[in-house]
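Read-outs throughout are calculated quantities, based only on the coordinates presented, and are distinct from any laboratory measurement. What you see is a predicted model; the values in this text were computed from it and never measured. Positions of Cβ are backbone-derived with ideal geometry, glycine not excepted, and every protein chain shown enters the neighbour counts.
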Amino acid sequence: MTWLVNLLQVILFVAAAPLLAGWIKKLKCWSQNRMAPSILQPYRDLFKLLRKETVVAENASWIFHTAPYVIFAVAVLAAAIVPLVAVAVPSARMADIIVLVGFFALARFFQALAGLDIGTAFGGMGSSREMTVASLAEPAMLMAVFTLAVSMSTTNLAAAIETLLHEPVTIRPSFVFAGLALALVAVAETGRIPVDNPATHLELTMIHEAMILEYSGHHLTLIEWAAQIRMMIYAVLLANIFFPWGLAETLTPAALGWGVVAVTAKLVALTVVLVLAEAVLAKMRLFRAPHFLGFAYLLGLLGMLTHVILEVG
Amino acid sequence: MTTLESLYGQAVLLFAALVLFVSFVMLAQSRVTTLVNLFALQGLLLALTTALVAVMQNSPHLLVSASLTLGLKVILIPLLLHWLILRMGLHRTTDEVNRPLQLLLGAASLVVFSYWITLPVVQLSALETRNIIAASTATLLLGMLLMISHRQALSHVVGFMAMENALFFSAVVATHGMPLVVELGVAFDVMVAAVIFGVFFFQIRESIDSLDVDRLSRLTETEESES
């Protein structure tokens, strides 16, 4: 029974990721006074790519062929770790949040390799930029995660969220800082404004898009879908760690239904904040990105320090 | 987690942490106008913290201190500084720090340092706010770092005022606040200091045509070829 719920949760996670992307697109269009495409547009795009012919360069090695599958599989595995609707699922108990960071690193590694594999200028440039951003984002994310882990005395996401749900509502300064740090990292890692612009193919500015220029057909479907899942993972992490209320602790239908409603409401609120932030910010120069991520690291560090200084003893 | 249990305790901790955070943001800030606004924000957070501590510890005289902070450091001095900035045409001046990231990481290590040196004090104290002592000491050191790292005379004044803020902050959290006489005296000192600084600005600008104090260390009047 628990495994069935677990499986359903992962399927829901993977299936809902394009919906979240469509919703963000819709909000984004509204914020710019444009006609919005249907919220189901990402599904149509994925389906369209799936039917198209897959073209692969002559000198592509096996890395280029396997990378999309690895990236997608890792994204699904990572989605299994994050509690979406129910906390007490076995797959969330099995792995902790450091494994999650490791999964992200694994996917990024293969994506960067695939970008380099073809040998085009754009691929290499994109890979180099992606690794630059990643090498700075990872410590910031780990610092924010460690703040959570130290406060809750566990690195397991499900256990930490359960502890949070059982205690009375507490505002921790360290969580405020850690949450902000994680939000900045999420913005950088999912390639949103101000670090990267997901809607552009301008060679001077693109980071993520440059790496996947050579992909087409069902390879591209998998990569795009994995990117949407990653976006969803970050959003759910932010929503469920820092506002855990409403998550189902038992596996009764009522609790699960309530959990779905709660997580939807939280994600809607979170994306509104994201889109508003994107509306007022301009894209940074690429060389400002280290400053941005340095600030994220500082916030994570401050979260840890305020936990040690203010909250213990 | 003793302080975290009551709602007041949580709010005090949150505001104290935000005071420290504003100090960090001030360090990285390069526009003087924003710097003054951040200083006002820090004063506001400080006044709120003080008022909450007053309610939590049932010591109403701290409310007087809080309102004094609010009137002086949130409204009067920032207004005065803004007026000075406008008068001297400094509102577009930037005060870039050379290596902002290294500066901020250095500042974070100062926080660790102040935690280490205040540890014995914290262990002796029985106050509910004893955990914040380290944060207030760190705010003091960060104010000093602001004075060291920035070049514009105006940033130095803001750094100085931020240090005064921090001293008041530590008085509130480490003891039950300074005696009112002392506090009034300090408040007027700060006020007078702000006025005198204003006069000094005009003097400095008249002699070196800028408020960049690095140029004060030059001995010759002739313009060196800067390349």
Computed over chain A: relative contact order in percent, which uses C-alpha pairs under 8 Å that are six or more apart: 28 percent
Treating only Lys and Arg (+1) and Asp and Glu (-1) as charged, each at its beta carbon, one finds that segment A:2-311 has a dipole about its Cα centre, in Debye to the nearest 20, of 700 debye
Is the shape of segment A:2-311 rounded, prolate or oblate, going by the alpha carbon gyration tensor and its root eigenvalues a ≥ b ≥ c, with a/c under 1.5 for rounded and a/b larger than b/c for prolate? prolate
How far is it, in nm, from the label point at B:Val25 to the one at B:Asn98 when both lie 7 Å from their Cα along the line to the Cβ? 2.8 nm
Where does each of B:Leu20, A:Leu84, B:Leu48 land when they are ranked from fewest to most other beta-carbon atoms within 10 angstrom? B:Leu48, A:Leu84, B:Leu20
What is the spin-label model distance, in nm, from A:Ser135 to A:Ala15 if the labels are put 7 Å beyond Cα along the C-beta direction? 4.2 nm
Peptide B:8-20, shielding by other chains (average Cβ, 10 Å cutoff): 4
Could you check the spin-label model distance between A:Ala277 and B:Ser207? Points 7 Å from the Cα along Cα→Cβ, value in nm. 4.7 nm
Listing A:Met152, B:Met161, A:Met206, A:Met94 from the residue with the fewest other Cβ atoms within 10 Å to the one with the most, what is the order? A:Met94, A:Met152, A:Met206, B:Met161
Would you please give the residues with an amide H less than 5 Å from that of B:Arg31, counting only those at least 5 places away or on a separate chain, with H modeled from the backbone geometry? B:Asp95
What's the FRET efficiency of B:Leu180 with A:Val76 using the Cβ-Cβ distance as r and R₀ = 56 Å, to the nearest 0.05? 0.30
Given backbone amide H placed at 1.01 Å from N, residues whose amide H is under 5 Å from that of A:Ala86, ignoring those fewer than 5 places away on the same chain, are A:Ala248
Phi-derived 3J(HN,Hα) across segment A:298-305 with the Karplus relation (6.51, -1.76, 1.60, θ = phi - 60°), rounded Hz, x for Gly and Pro, is 4, 4, x, 4, 4, x, 4, 5
With 38 Å as the cut-off, how large is the P(r) tail for the protein assembly as shown, expressed as percent of Cα-Cα pairs? 39 percent
For A:Gln32 and B:Leu105, what does the FRET efficiency come to when R0 = 41 Å and r is the distance between their Cβ atoms, rounded to the nearest 0.05? 0.65
Going fewest to most other Cβ atoms within 10 Å around each Cβ, A:Glu189, B:Glu128 line up as B:Glu128, A:Glu189
Below 23 Å Cα-Cα, how many Lys pairs turn up in chain A? Only count pairs eight or more apart in sequence, or on different chains, if you could. 9
A:Leu7/B:Val199 FRET efficiency (R0 60 Å; Cβ-Cβ; nearest 0.05): 0.20
